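The values are calculated or read from the model by the stated rules, or taken from the named source; none is laboratory data. None of the values given here were measured: they were computed from a predicted structure. Positions of Cβ are backbone-derived with ideal geometry, glycine not excepted, and every protein chain shown enters the neighbour counts. SASA here: full protein model, heavy atoms, side chains in, ligands and nucleic acids out. Shrake-Rupley method; radii C 1.70, N 1.55, O 1.52, S 1.80 Å.
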Amino acid sequence: MKKIILLVILISVFVVGCSVSKQKITTTQFIEFAAENEYEILDKTKALKDPKIKKVILAKKNNECQIEFYKLKSITDAIYMFNDNKNIFKTSKNETSTYTYTNLSNYSLYSLTNESYYMYLCRVDDTLLYVKAPLEYKEEIEEFTKLIGY
């Protein structure tokens, strides 16, 4: 009987663990969250000529902290962009750096902290959040990403 109960618990944990996902936000929601947190909002969609990008919104503060939100044409395009930027971030890694990497059902997350910068990527479905900011903004960025669910 104890084995059956243990098996049921293990299966439940596995099923719940496999169904972990994030809810993507829209560009409008990103703009609203950023404005509420006193970021300057810039729509840079027309400045980019990449046909894979549908929309790009920048949220800036103090000309040093910039959070970029991308809406891409497809999940495949978002995965490609995530992986490309993750590889670029990895070149900043050294012996004192810390990083995290998660790749689950509908999202991927990579963060890297070195002695100078905090770098953060989060892809949810066909959207991507990109940050490379001076280290002093790390806590503020973490609060913002938690607020928007990224």
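A few remarks follow.
- Summarised in one figure, the compactness ratio Rg/Rh of the chain, Cα atoms and Kirkwood Rh, is 1.06.
- Between THR28 and ASN62, the C-beta separation translates, for a Förster distance of 30 Å, into a calculated FRET efficiency of about 0.80.
- Spacing of the modelled spin labels on TYR99 and LYS49, each 7 Å from Cα toward Cβ, amounts to 3.1 nm.
- Per-atom-type breakdown for the chain gives carbon and sulfur 56% of the accessible area (1.4 Å probe, protein chains only).
- Low-density loop positions, trypsin sites (Lys or Arg not before Pro), the range 35-75 - DSSP coil, at most 11 other Cβ in 10 Å: LYS46, LYS49
- Excluding same-chain neighbours fewer than eight residues apart, the lysines reachable from LYS49 by a Cα-Cα span under 22 Å are LYS60, LYS71, LYS73, LYS86, LYS132.
- CD proxy at 222 nm, helix term only [per DSSP H run n ≥ 4: -39500 (n - 2.57); per residue of the chain; nearest 500]: -11500 deg cm²/dmol
- Modelled label positions at LEU147 and ASN106, each set 7 Å beyond Cα in the direction of Cβ, lie 2.3 nm from each other.
- The order of THR113, THR76, THR102 by accessible area, most exposed first and with a 1.4 Å probe, is THR76, THR102, THR113.
- Accessible area (Å², per residue) of the chain, counting only protein heavy atoms and a probe of 1.4 Å: 61 Å²
- Restricting the GluC sites (Glu not before Pro) of the range 62-137 to loop positions (DSSP other than H, G, I, E, B) with no more than 15 neighbouring Cβ atoms within 10 Å leaves GLU64, GLU95, GLU115.
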